[in-house]
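Read the structure below first, then the notes.
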Amino acid sequence: MTRKYAVRTFGCQMNAHDSERIAGLFEHEGMERAAHEDEADVIVLNTCCIRENADDKLYGTLGWLKPWKEAGIDRQIVVAGCLAQKDKERVRERAPFVDVVMGTHNVHRAVDLLKATAGGAGITEIFDEAVIDDHALFPSALPVRREKSYNAWVTIQIGCDNTCTYCIVPSVRGAEISRPFADIVAEVTDLAAQGVTEVTLLGQNVNSYGRDLSLEQRRLGDHDVRVRPQFADLLRSVGAVEGIRRVRFTSPHPKDMTTDVLHAMAETPDVCEHLHYPLQSGSDRVLALMHRGYTGARYLERLAEARRIIHDLAVTTDIIVGFPGETEADFTASLEVAAEAKFDSAYLFIYSPREGTAAAEMTEHFVDPAVAGERFDRMKVVLDRTAVLKHRERIGRTEEVIVEGRNKRDETMLTGRTRQNKLVHFASNEMLRVGTYAQVLITDAARFHLSGHLVEVGDAPQHKVRLSVQAVG
Ligand code: SF4
């Protein structure tokens, strides 16, 4: 009988893409995705340690899964992802019934590990760094079972060489490694041939793409100061792939943003006018404590340059309030920079320590939770106000959207996304297939979305109903 699997993903897009390839590897092996977890023979928990209470969530879920596992002799549980990488043996100690514990560098081994534990003995396999092997290295270079058929994530880089003091990523994802340029372009070309029209280039620090390749070339004796390829070249090449209409990327680092990248965005019509540009703090002192490598003024300068070069650019950000040692004066500086930056939207967080990071050690400087909460509310007022103003500027415009499906709250409406990555709920007399391009007149605006009605149906989707599972790269 065909074995069925279910994957639960916690965390970021990088994790979601890892889940896609775990699913792809299973389907390549002849397994099927279960409609409900109850029907599954294998349940994978792809964990994240960036979010708050990640441990509680994992062990809570495992507590719920224990009776499920005991009810069927062939049932298997896999714990993968950052938390598995970070906590290594702890997962097995706390949940000995788990069959496979595997790290972020072991995803390509999912099927082998599952087979190895079929006899009942559990296994923990955590590689400390990426294995230099074509199929092991990059999530996209493995069979993949994509969640959406009109758009796709494409990994261009893994790991991170930065040392942001609040972030656990470098220790669980390892050093930065850029994927070969030609492999990325080949994958995007292949996706376009399958009808994908929108790609999102993924990496922890995308605009430093190619730095390690350049260093390697220099090491081998090529001392050309500007060794290609770099991220700007990648944007231009991916944007030139026939059939691709929208290129997005996440996340760039402000300290590595170059004018070249901004020009590549402006001059490549398929690169969307959206920049996610994480500020984190507007205080120079806090930015230094965070090891971010820029000041508030430098950030604003680069932002102004981006808006000058790229017409109709939408800018989103991440902000942390209550970082250890943040004073009222530091927070006021953050408020000022946020107000001046006029973001289209923002992910706002109250600092919470991640075990294993430098900031988590600064316990004597932790900000009182009540003070941090109050700062969160004050920052939210500023961010909400600019988001609404930015959204209102779009009323009366006709925007190109790509249809994502029916509106979840109002089945009579459709939902789509603009090039600026704004969600649009719109009225339409006809049901449009997911992935259709359409022109929508914007008639209203709120904090998180725009509203409007259909003006014209554009290109129909080209993708098959579901992409085949296949190895690429
Ligand atoms: S750039 Fe900083 S925040 Fe982003 S992944 Fe690297 S260390 Fe973490």
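The values are calculated or read from the model by the stated rules, or taken from the named source; none is laboratory data. Please read these numbers as outputs of a predicted model, since none were measured by experiment. Please note: Cβ atoms are built from the backbone with ideal geometry, for glycine as well, and neighbour counts cover all protein chains shown.
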Cβ pairs under 7 Å, 6+ apart, first in the range 415-436 and within 18 Å of ASP270 (Cβ to Cβ), second aromatic (Phe, Trp, Tyr): GLY416/PHE426; GLY435/TYR150
Report yes if ILE319 is surrounded by 18 or more Cβ atoms within 10 Å (Cβ to Cβ) and among the β-branched types (Val, Ile, Thr), otherwise no. yes
In the same structural domain as GLY282 (by TED's automatic domain parsing), crowded, with 17+ Cβ neighbours inside 10 Å and more than 23 Å from the chain's Cα centre (by Cα), is that true of ALA372? yes
Considering only the range 261-280, state which residues are of a type in the set (Gly, Ala, Ser) and under 23 Å from GLN13 (Cβ atoms). ALA264
Just wondering, is there one or more residues in the range 383-390 that are in contact with a Ser or Thr (Cβ under 6 Å, 6 or more places away or on another chain), outside any strand (DSSP E or B), touching a residue at least 60 places away in the same chain (Cβ under 8 Å) and surrounded by 15 or more Cβ atoms within 10 Å (Cβ to Cβ)? yes
Which one is nearest to ARG406 (Cα to Cα), of the residues in the range 419-443 that are hydroxyl-bearing (Ser, Thr, Tyr) and modelled with pLDDT of 95 or more? THR436
Evaluate the following for ASP312: is it in contact (Cβ under 8 Å) with a residue 24 or more places away in the chain, of a type in the set (D, E, K, R) and part of a strand (DSSP E or B)? no
The lone exception for GLY30 - which of (1) more than 23 Å from the chain's Cα centre (by Cα); (2) surrounded by fewer than 17 Cβ atoms within 10 Å (Cβ to Cβ); (3) at negative phi; (4) without any contact (Cβ under 8 Å) to a residue 60 or more places away in the chain it fails: (3)
Mind checking whether some residue in the range 191-201 is more than 23 Å from HIS274 (Cβ to Cβ), more than 18 Å from the chain's Cα centre (by Cα) and within 16 Å of the ligand (Cβ to nearest atom)? no
Sort out which residues of the range 142-158 are part of a loop (DSSP other than H, G, I, E, B), at pLDDT 65 or above and over 21 Å from TYR437 (Cα atoms), and write them in order of number. ILE156
Note on ILE126: of the conditions (1) modelled with pLDDT under 90; (2) within 16 Å of the ligand (Cβ to nearest atom); (3) more than 30 Å from PRO461 (Cα to Cα); (4) not small (Gly, Ala, Ser), unmet is (2)
If you take the residues in the range 276-302 that are part of a helix (DSSP H, G or I) and aliphatic (A, V, I, L, M), which one is surrounded by the fewest Cβ atoms within 10 Å (Cβ to Cβ)? ALA297
Hey, could you check the range 210-223 for residues that are more than 21 Å from MET257 (Cα to Cα) and in a loop (DSSP other than H, G, I, E, B) and say which is modelled with the lowest pLDDT? HIS223
Which one is farthest from LEU300 (Cα to Cα), of the residues in the range 315-362 that are part of a strand (DSSP E or B) and among the hydroxyl-bearing types (Ser, Thr, Tyr)? TYR347
Please go through the range 357-382 and give me each residue that is closer than 30 Å to LEU313 by Cβ and in contact (Cβ under 8 Å) with a residue 12 or more places away in the chain, ordered by number. ARG375, PHE376, ARG378, MET379, LYS380, VAL382
Does the range 85-105 contain any residue that is touching a strand residue (DSSP E or B) at 6+ places or on another chain (Cβ under 8 Å), touching a residue at least 40 places away in the same chain (Cβ under 8 Å) and among the aliphatic types (A, V, I, L, M)? no
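This table checks each residue for (1) within 13 Å of the ligand (Cβ to nearest atom); (2) touching a helix residue (DSSP H, G or I) at 6+ places or on another chain (Cβ under 9 Å); (3) closer than 24 Å to PRO229 by Cβ.
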| residue | (1), (2), (3) |
| --- | --- |
| MET257 | yes, yes, yes |
| LEU262 | no, yes, yes |
| GLU267 | no, yes, yes |
| VAL271 | no, yes, yes |
| LEU275 | no, yes, yes |
| ASP284 | no, yes, no |
| ALA297 | no, yes, no |
| ARG302 | no, yes, yes |
| ARG308 | no, yes, no |
Any residue that is more than 16 Å from the ligand (Cβ to nearest atom) and surrounded by fewer than 23 Cβ atoms within 10 Å (Cβ to Cβ) - is there at least one of those in the range 167-181? yes
